[in-house]
Amino acid sequence: METRDFIKAALGRIKIATDRVLDGMTYSEMTWQPRPDANSIGLIIFHQSRSEDRFVQARIKGKPEIWETEEWYKKLKMPVTETGSGYTAEQVAAFVPPRLADLQPYADAVRAHTLDFLAEMTPAKFARIITFRGWEM
C-alpha cells in the first residue's frame, strides 16, 4: 500500500468514527464540558478541522488556508484570526462552538482539499523533508 493510500484510508476511518459519534448529538451535548477548562466536543471538532486546514494548506502546501480563501470565518461568524488552538483555560471555558450543521461543511471542505492534495502525492514527494520553524499551531 502506498503512503497516500494509507493516509487516505486512515482519514476515512476517522471520518466514519466521528460521524458515528456526532450522529444525533444535541448542541447541548456538543458544548458540554466536564470541567470549565476541558475541551467540549464542539471545540475538539473545530480544532481538528482548523488544524488540518492550517497544517496541510499553510504548512505543507505553502498556500493560504481555506478558512480565509473560502471565507469560512465569515460563514461561522468568527474572527479571521481564530486558529482553534493555543487557548488558555479561560478561552476554553468561553469558547462557543458553531452548530454542527454549520461546522460540518467546513470540516468536509477541509477534508476535500486534503484528499485532493493526497491524490497528487507520489512516493518521491513523500520523501521531501519539511522543517517547521517557529511553528505555532
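Bear in mind that the values in this text are calculations on the coordinates, not laboratory data. These numbers come from a predicted model, not from an experiment. Here Cβ is always computed from backbone atoms with ideal geometry, including for glycine, and neighbour counts include all displayed protein chains.
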Which whole-number value in Å³ per residue fits the convex hull of the alpha carbons of the chain? 119 Å³
For the chain, what does the helix formula give at 222 nm: sum of -39500 (n - 2.57) over DSSP H segments with n ≥ 4, over the residue count, nearest 500 deg cm²/dmol? -16000 deg cm²/dmol
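May I ask for the Kirkwood hydrodynamic radius of the range 70-135, worked out over all distinct Cα pairs and given in angstroms to one decimal? Walk me through the numbers before you get to the answer.
Numbers: mean 1/r = 0.0673 Å⁻¹.
Every distinct Cα pair counted, the radius reaches 14.9 Å.
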Within the chain, longest stretch free of exposed trypsin sites (Lys or Arg not before Pro) [DSSP loop, at most 11 other beta carbons within 10 Å]: 1-76
How long is the gain from Thr83 to Asp37 if the chain were fully straight, where each residue apart is worth 0.36 nm and the alpha carbon distance is subtracted? 14.8 nm
Go through the range 78-130 and name the GluC sites (Glu not before Pro) that are in a DSSP coil and have 16 or fewer other Cβ atoms within 10 Å of their Cβ. Glu82
Normalised by the number of residues in the chain, what is the relative contact order in percent for Cα pairs under 8 Å and 6+ residues apart? 32 percent
Taking the Kirkwood radius as the inverse of the mean 1/r across Cα pairs, report the Rg/Rh of the range 13-64. 1.09
Low-density loop chymotrypsin sites (Phe, Trp or Tyr not before Pro), the range 33-137, at most 10 other Cβ within 10 Å, DSSP non-H/G/I/E/B, are Phe132, Trp135
